[in-house]
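The values are calculated or read from the model by the stated rules, or taken from the named source; none is laboratory data. Quick caveat, the model's predicted, so the values are computed rather than measured. Cβ: placed from backbone, ideal geometry, glycine included. Neighbour counts: every protein chain shown.
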Protein chains: 2
Amino acid sequence: MVSAPVQKIRPVRRERVTISHLADALGLTKGTVSRALNGYPDISDGTRQRVRKQAEVMGYRPLAHAQAIRTGRSRALGLVLQTDIPGAQRPFLSEFLAGLTSAASAENWTLTVATSAGGQEMLNTINRLVDERKADGFILPRTFADDPRMKLLRSLDVPFVLYGRVSDPRGCAWFDILGENAMRDAVQRLADHGHTRIGFVNGGLEYNFSHLREEGFRAGMSQAGLTMDPALLIDGAMTMEAGEEAAERLLAQPKPPTAIVYAVDLAALGAYTTASRLGLEIGTDLSIISYDGIPEGNWASPPLTTFQVDSRAAGERLTKLVIRRIRGADAESLRETAEATLKLGGSDGPPRHTSAQLRQRVLGKTENISQMGGT
Amino acid sequence: MVSAPVQKIRPVRRERVTISHLADALGLTKGTVSRALNGYPDISDGTRQRVRKQAEVMGYRPLAHAQAIRTGRSRALGLVLQTDIPGAQRPFLSEFLAGLTSAASAENWTLTVATSAGGQEMLNTINRLVDERKADGFILPRTFADDPRMKLLRSLDVPFVLYGRVSDPRGCAWFDILGENAMRDAVQRLADHGHTRIGFVNGGLEYNFSHLREEGFRAGMSQAGLTMDPALLIDGAMTMEAGEEAAERLLAQPKPPTAIVYAVDLAALGAYTTASRLGLEIGTDLSIISYDGIPEGNWASPPLTTFQVDSRAAGERLTKLVIRRIRGADAESLRETAEATLKLGGSDGPPRHTSAQLRQRVLGKTENISQMGGT
DNA sequence: ATTTCTTCCGAAACCGGTTTCGGCAAGGGA
DNA sequence: TCCCTTGCCGAAACCGGTTTCGGAAGAAAT
């Protein structure tokens, strides 16, 4: 027996068809083929057709990496998620990603995902992705009123699309849900129920959407012919805890609201805790309408009435926008919006009490509690 | 006035330092520099040090794309999420991604994310990523007992690491949480409460974890000296609806369980609906212990007692494993596990009734309902 | 019949790396 | 002293594309 010679392990991976293979098959040079496929004007229509057809037949797809070293573009989209904010994007993320990637792969693009804490680290991460050509353009979720990511990308001359709007929109593309309309409709709905004292718990004012939602709330109040009491307006509630505290402050007032509009579901869920502590029933003693449509809202009892956002659709549209932007479309022509849709729960309804009656109930309960808590 | 000549828009992007710059600065050729940095043995130690130092000083980092066209490797990890399964990974995803990407960027790698429906489309997606060199290796979440993705990657000779185990583990690396231990401990805890009839609602048997969790359940029963009644064992519950139906079937039996162990939180939440329909109080009339630690569990009342998984840590460890695998480590040496941690809610406690008493309560309620439903 | 444009493609350089090959100089053995 | 290693690096090809440049052939103009 003769021992077989040691053989290098050779991966059986099917060989890719390269531009040279294609060129050989066509009897052209690879330069010509490249120009034909990329729409250069110095290629005759006949040749171009022939090349396209053959490429189709042979299943040729250019290698993005190889293109990238010359062109600087690798057909990849960048998404940097911020991880140090309290659960802000958790519920939407899966759907959002599905939207992004499905639209991306339809165009043969891919998605590069990174995470980082906020501040400078976020900017470093973006810089690295740009520097290493891992992203030709970015999708920026959760825009701040004055967004540093936007400034960075603008100065680097890297295309991006905002998910949300910003205070200074010059030269930037965006997609956004019209949260202000949702807030306006929420107020109108509560007014239709018969509420007259309506509170508003906003998100953090560093986010641009908060300003818009407050505008919407104001518009709703004026549309319903109600007067705004500045004392019923609280901002900065992005978490359950903050939402809980906000509800407490509102209900502790001399003339408490019988209904509260929340700008953020997560915060709205905090109101359930407050209500249960004060012995109030949500939907009757206190009405709540909110915004986002997170799944946890279904699990509150009664389920949260909220304006739901279709995150998957948002992801798809953002992807299409950023690709068009990278391909050279003018930023200001790439602006789209959509509406949130009302999802009925049981958290809103006609008021059972007037504001004054509600005040009495809250006071009674509070005294009970302080008596119980006393020595 | 003389009109200025039309000038091409030149991006001001700071120029990268390339290997040629580095070579020039060192008075070497780029080939030599490349070999020095990549540990070739034909470079003297002195030169190697000198090159490393200069690279550090000049901030040289090789362009992954450029390397890829020769080496086939682009320092990117692939993650393909399945979107057509009911909310399976939704709650964990954000944390999981944070773990993956933070560990990846620590090593200067990036993460390419794609989504797809299951079946052949999933395999096509993986194939595309491999073919286009968008991923040097993959992380496969939610392993099936006999996983087609694994077979594909194995045949393509592409490295991968499983999040979960498989029935045929030859030649593959994995990280997994020991769900079987959690199930065992869940049973023991219920037994310590005084429960003797304990049901088990498993996930879908196509997932490998389900088999392991059932083993764990069995182990717990035997450890607690309890006998297993096959009638109290249901599988295939991955959603709320399925979990609801499973609870209903268990409670409709002649000798219903006073406690149920669920393999999946989402399904366990369905039991709340069943309980409320039957007028049973969870935590007293019926005890529930589950597994996953999804945030919705906190919102059920009482909060769900569950074994929580640290998805972020899982992501980090998986990333490290797959990178080591890509760098050539032997697959079977790359196997790690961790334990889930018990998160106490209010859904379990000592039984208020015996099985027979529970049966009576259920029967009474059911009759009421059918009477009410009658004409 | 020239000359001058156009049209269209080949040739070759280039992008930023990796890898093979060969050769020079120093060292070791005879 | 000569020859053969060995260590170390330069030169050049290569990876899979893109882009610039120039020239041949045909069409149009003179």
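Report whether or not A:Arg70 is touching a residue at least 24 places away in the same chain (Cβ under 8 Å) and within 14 Å of chain B (Cβ to nearest Cβ). The answer is no for A:Arg70.
Return the residue satisfying two criteria in turn: it lies in region A:101-117 and is in a loop (DSSP other than H, G, I, E, B) and in contact with a Ser or Thr (Cβ under 9 Å, 6 or more places away or on another chain), and of such residues it is farthest from the other protein chains (Cβ to nearest Cβ).
As a first pass, look at region A:101-117 and keep what is in a loop (DSSP other than H, G, I, E, B): A:107-109, A:117.
Narrowing further to those that are in contact with a Ser or Thr (Cβ under 9 Å, 6 or more places away or on another chain): A:107, A:109, A:117.
Working: A:Glu107: 13, A:Trp109: 10, A:Ala117: 10 Å.
This residue is A:Glu107.
Would you mind stating whether A:Gly99 is in contact (Cβ under 8 Å) with a residue 40 or more places away in the chain, away from DNA strand C (no atom under 16 Å from the Cβ) and not assigned by TED's automatic domain parsing to the domain that holds A:Arg327? If you could, list the steps in order and put the result at the bottom.
On the way: in contact (Cβ under 8 Å) with a residue 40 or more places away in the chain: yes; away from DNA strand C (no atom under 16 Å from the Cβ): yes; not assigned by TED's automatic domain parsing to the domain that holds A:Arg327: no.
For A:Gly99, the condition - in contact (Cβ under 8 Å) with a residue 40 or more places away in the chain, away from DNA strand C (no atom under 16 Å from the Cβ) and not assigned by TED's automatic domain parsing to the domain that holds A:Arg327 - is not met.
Residue-level analysis places A:Glu332 outside the set of residues that are of a type outside the set (Lys, Arg), within 14 Å of chain B (Cβ to nearest Cβ) and touching a residue at least 40 places away in the same chain (Cβ under 8 Å).
I need a count of the residues in region B:64-79 that are among the small types (Gly, Ala, Ser) and away from DNA strand D (no atom under 16 Å from the Cβ). Spell out how you get there, then give the answer.
Just the residues of region B:64-79 that are among the small types (Gly, Ala, Ser), to begin with: B:64, B:66, B:68, B:72, B:74, B:76, B:78.
Of the ones still in play, those that are also away from DNA strand D (no atom under 16 Å from the Cβ) are B:76, B:78.
Of the residues in region B:64-79, 2 are among the small types (Gly, Ala, Ser) and away from DNA strand D (no atom under 16 Å from the Cβ).
Can you tell me which residue among B:Arg218, B:Arg184 is among the basic types (Lys, Arg) and surrounded by fewer than 18 Cβ atoms within 10 Å (Cβ to Cβ)?
B:Arg218
Here the strands (runs of 3 or more DSSP E) wholly within region A:204-313 that include at least 2 residues being touching a residue at least 60 places away in the same chain (Cβ under 8 Å) are A:259-262, A:287-292.
Here region B:135-150 is the region considered, the condition is being buried (at least 23 other Cβ atoms within 10 Å of the Cβ) and in a loop (DSSP other than H, G, I, E, B), and the residue that is nearest to the other protein chains (Cβ to nearest Cβ) is B:Ala135.
May I ask you to say which residue of A:Gln120, A:Gln82 is surrounded by fewer than 20 Cβ atoms within 10 Å (Cβ to Cβ) and under 14 Å from the mean Cα position of the chain (by Cα)? Spell out the reasoning first.
Numbers: A:Gln120 fails: under 14 Å from the mean Cα position of the chain (by Cα).
Among A:Gln120, A:Gln82, only A:Gln82 is surrounded by fewer than 20 Cβ atoms within 10 Å (Cβ to Cβ) and under 14 Å from the mean Cα position of the chain (by Cα).
For B:Thr110, the stated conditions hold: it is buried (at least 23 other Cβ atoms within 10 Å of the Cβ), touching a strand residue (DSSP E or B) at 6+ places or on another chain (Cβ under 8 Å) and hydroxyl-bearing (Ser, Thr, Tyr).
The set of residues from region A:81-98 being within 9 Å of chain B (Cβ to nearest Cβ) and at pLDDT 90 or above comprises A:Leu81, A:Leu97, A:Ala98. Examine region B:344-354 for a residue that is aliphatic (A, V, I, L, M), modelled with pLDDT of 95 or more and over 30 Å from B:Glu281 (Cβ atoms), and state whether such a residue exists. Taking every residue of region B:344-354 in turn, none turns out to be aliphatic (A, V, I, L, M), modelled with pLDDT of 95 or more and over 30 Å from B:Glu281 (Cβ atoms). Among the residues of region B:159-203, the ones that are hydrophobic (A, V, I, L, M, F, W, C), out of contact with any strand residue (DSSP E or B) (no Cβ under 7 Å at 6 or more places or on another chain) and assigned to a helix (DSSP H, G or I) come to 1 in all. In region B:26-39, the count of residues that are within 14 Å of chain A (Cβ to nearest Cβ) and more than 8 Å from DNA strand D (Cβ to nearest atom) is zero.
Here is a yes/no grid of residues against (1) in contact with a Cys (Cβ under 6 Å, 6 or more places away or on another chain); (2) in a loop (DSSP other than H, G, I, E, B); (3) more than 7 Å from DNA strand C (Cβ to nearest atom); (4) without any contact (Cβ under 8 Å) to a residue 12 or more places away in the chain:
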residue	(1), (2), (3), (4)
B:Ala25	no, no, yes, no
B:Arg35	no, no, no, yes
B:Gly39	no, yes, yes, yes
B:Asp42	no, yes, no, yes
B:Thr47	no, no, yes, no
B:Val51	no, no, yes, no
B:Ala55	no, no, yes, no
B:Pro62	no, yes, no, no
